[in-house]
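First the structure, in the form of structure tokens, and then the observations on it.
Here, each number is a calculation from the coordinates, and none is a lab measurement. Fair warning: this is a prediction, and the values are worked out from it, not measured in the lab. Reconstructed Cβ throughout: ideal geometry from the backbone, glycine too, with neighbour counts over all protein chains shown.
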Amino acid sequence: MWDTFILNPMINALLMLYDFLGNNFVLAIAVFTILIRLLTLPLNLRQQRSSMKMQEMQPQIQAIQKKYKDNPQKMQEEFQKIGYNPAESLAGCLPLLIQMPILIGLYRAIIIVLGSTPQSLFELTARVYDYINLTDLLPISNKFLWLNLAQPDPLFVLPVLVFGTMFLQQKLMTPATKKQESKGKKQQDDNPMAGMTQSMQWTMPIMFGFFSLQFQAGLSIYFVLSNIIGIGQGYYMRRSMAQLKEEQATKKPAVIKAESETAVASPPQQSKQDDAALDAAMKGTPEERKQYQPRKRTSKRKRRRR
Amino acid sequence: MYAAKRPLRRPVIFLLIIASYLFVACGVQTANTNWPGLSTDGEKVYVAYGPEVVAYDVESQSKTWSFPAETNPTLQFFAAPSVQDGRIILGDFGASGGMLSPGVVVTLYALNDTDQGVPGSIWTNGELVSDRVVAPPLQVGDQLFVGTANNFIMSIDATTGAKQWEFEVGHSIWGQPAYKEGVLYLSSLDKSIYALEAETGQELWQTELSGALASSPVVNTDLVYVASFDNQLHALDIQTGQEKWAASAQDWIWDAPAFADGVVYFVDIQGNVYAVDGASGDQIWSQQLNLPVQTSPVVVGETVYIASGDDLDAENPQGALTALNVADGKQQWQKTAPGPLFTTPVVVGDSIIVALQSDQDLLIAFDLETGGQNWDYLPPQE
């Protein structure tokens, strides 16, 4: 099942691209990466939009969670009122889940296609479709610049590139948070989702940077190219979101102004006044609900100073 | 709920980073699996498979030694050991280069054979080669020839481990080189066969064929035979490299042919066995086994033995050893093994010994005459 639907098609696609692109395996990986990114583009865009939407709704979500922590049914009702569906946030992970088999498949496909051992070449023969003339394609060229594509990069260039491009991609694909706008670290701590997203900006690139020390160079090249495409995609999303906000600002200046002046609040520290405000907001018109933002949290240190 | 989640976030991220660091630092690298490498000195068999090399005494039917004394799970041996006058040469598939190293360290070992305990080290060198040793090394006197997966053939002083010369070819070397009268014959996946002056490494001739060459050349008095992925067995002039004749098969010929009494025997990967005249290439007979074969035929007396594997998608892959008449290719007997036989068997005394890629047996000895099982060996499972 796995071999028939994931691994073998990948192996054959790589071989066909290698054949069409003048027996250049790096070019084959590059075109393959673009194809994979194109295939997953709708899902990626959906995930990004969903992520940005969630980010903006966080203050309301936290306030509702805090207020109705002992009444899940009521909590769900309130979530529905503001248009939040927890299942939708899980669906946002779908592109990542879909990419996992692709990554694992590609990892295996590169190992098998580069045929670094007799057994892997033997395995390849059984996986190649009849219309591909493997005899003519062999041996697969495994040299590119200083790299042996079947081995890790000995000069550390690819691990650094994997880290750098993945970091940039994560940064661009993450919605701009209030922290970035107001420079308040506390606010990041107050919003767990934003905090986690910020942490992932570092965690994922560091992890994959380490992994690239042991990955075959061919796989690291895939990561670098995929990240570069992701950077372009992130840049595009940022611009389109900014344009959207601008349009909204022109249409509803009062609403947008209120939103920009209100910072992200912390549910655990919310006062009863916040709860009252939430009640009022929930009872009010949809416009009023949208304008609702919990009160800014006051730190202990500030309270002591007062 | 929220208050409990937040303190966990940073430790989890920290742990993830530490785990990925350890993943690299502990050398969890790409696993390169292969079938066992098997050789013999006529008394013992030496099998390189996974983390260790085992020497097994056929007469006493017991393990003599294993190397290294303490196995390293990231270090793997698959190339058949080279044995000559009690000196054993091993090349490995590489181990992690250490903390944060992106490379692998491939080491060559020269060992003194022993009848008990651990073989003594003559020399060990982790700097001579920079990629896997797939091809079995070749010793000629005190000269050692090692082909590597990153396209080099090296001449090394077998007594000291000092490099004498190296020669780069177009792709990996998977077949053991052949030597005859001061000339080294070498095949490569780059589709070429090379003749080099063994003393200096100077190229005498190179002939490019139309398919990759994964196996050793076989040298006759005036011809060099080489099996190719272009579905042909090629016979080249030993002096010039010019092709004299080519015998066709139905599919790739993976491993080296066998030459005996003027006849060349070879098998394609579909299990079609051919016997052709060594001088003219004219076919004498052919026989269908209908089993996948990656090994060389072994000729002993009036019998040619073929070890075969199984389909890759077989649920319980098995192997088979088939005995055919050298005269007409008719089957004498066929015995099954509880694992695929991808390794060319060796002959010791009255037994033909196969190495298995299986967790049920590592070695099985079949009687040359009847095919009955004489003994088998599976290292103790830890």
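Could you calculate the FRET efficiency of A:LEU39 with B:ASN290 from 1/(1 + (r/R0)^6), where r is the beta carbon distance between them and R0 is 30 Å, rounded to 0.05? Please report the intermediate quantities before stating the final value.
On the way: r = 40 Å, r/R0 = 1.34.
According to the calculation, E is roughly 0.15.
Karplus-derived 3J(HN,Hα) values for the range A:61-77, using 6.51 cos²θ - 1.76 cosθ + 1.60 with θ = phi - 60°, are 4, 5, 5, 5, 4, 5, 5, 10, 5, 9, 9, x, 5, 5, 4, 4, 4 Hz; glycine and proline are entered as x. Cβ under 15 Å from B:THR303's Cβ, B:THR303 left aside: what net charge do those residues give with Lys, Arg +1 and Asp, Glu -1? Residues close to B:THR303 contribute a combined charge of -4.
The simple Förster model, with R0 at 45 Å and r as the Cβ-Cβ distance, assigns B:GLN332 and A:TYR129 a FRET efficiency of 0.75. Straight-line cross-link reach from B:LYS191 at under 15 Å between alpha-carbon atoms covers these aspartates and glutamates, not counting any fewer than eight positions away in the same chain: A:ASP136, B:GLU168, B:GLU208, B:ASP230, B:GLU243, B:ASP255. Taking Cβ atoms as reference points and 10 Å as the exclusive limit, the residues near B:SER172 contribute a net charge of -1, counting Lys and Arg as +1 and Asp and Glu as -1. Modelled spin labels at B:VAL300 and B:ALA246, positioned 7 Å past Cα toward Cβ, are 3.5 nm from each other. Sorted from greatest to least, the principal axis extents spanned by the alpha carbons of the range B:289-382 come out as 45, 31, 18 Å.
Estimated from helical segments only, the mean residue ellipticity of chain B at 222 nm is -2000 deg cm²/dmol, where each DSSP H run of four or more residues counts as -39500 (n - 2.57). Stretching the chain fully between B:ASN112 and B:GLU43 yields a gain of 23.3 nm (0.36 nm per residue, less the alpha carbon separation). The fraction of Cα-Cα pairs per 10 angstrom bin, counted from 0 for the range B:108-234, comes to 13, 44, 30, 11, 2 percent, rounded to whole percents. When chain B is treated as a GNM with alpha-carbon contacts under 10 Å, the residue of B:PRO177, B:PRO73, B:PRO136 showing the greatest mean-square fluctuation is B:PRO73. Over all other residues within a Cβ to Cβ distance under 14 Å of B:LEU213, the charged ones net out to -4, with Lys and Arg as +1 and Asp and Glu as -1.
With a 10 Å cut-off around each Cβ of A:129-138, the average count of Cβ atoms from other chains is 3.
Taking 26 Å as the limit for the C-alpha separation, the pairs A:LYS143/B:LYS244; A:LYS67/A:LYS245; A:LYS53/A:LYS81; B:LYS163/B:LYS244 exceed it in the case of A:LYS143/B:LYS244; A:LYS67/A:LYS245; B:LYS163/B:LYS244.
Shielding by partners for peptide B:210-221, expressed as the average number of C-beta atoms from other protein chains within 10 Å of each residue's C-beta, is 2.
For chain B, what is the relative contact order in percent, using Cα pairs closer than 8 Å and at least 6 residues apart in sequence?
For chain B, the relative contact order is 8 percent.
Using the Cβ-Cβ distance between B:ASP237 and B:GLN84 with R0 set to 41 Å, the FRET efficiency works out to roughly 0.90. Counts of other chain beta carbons within 10 angstrom of each beta carbon in peptide A:212-220 average 4.
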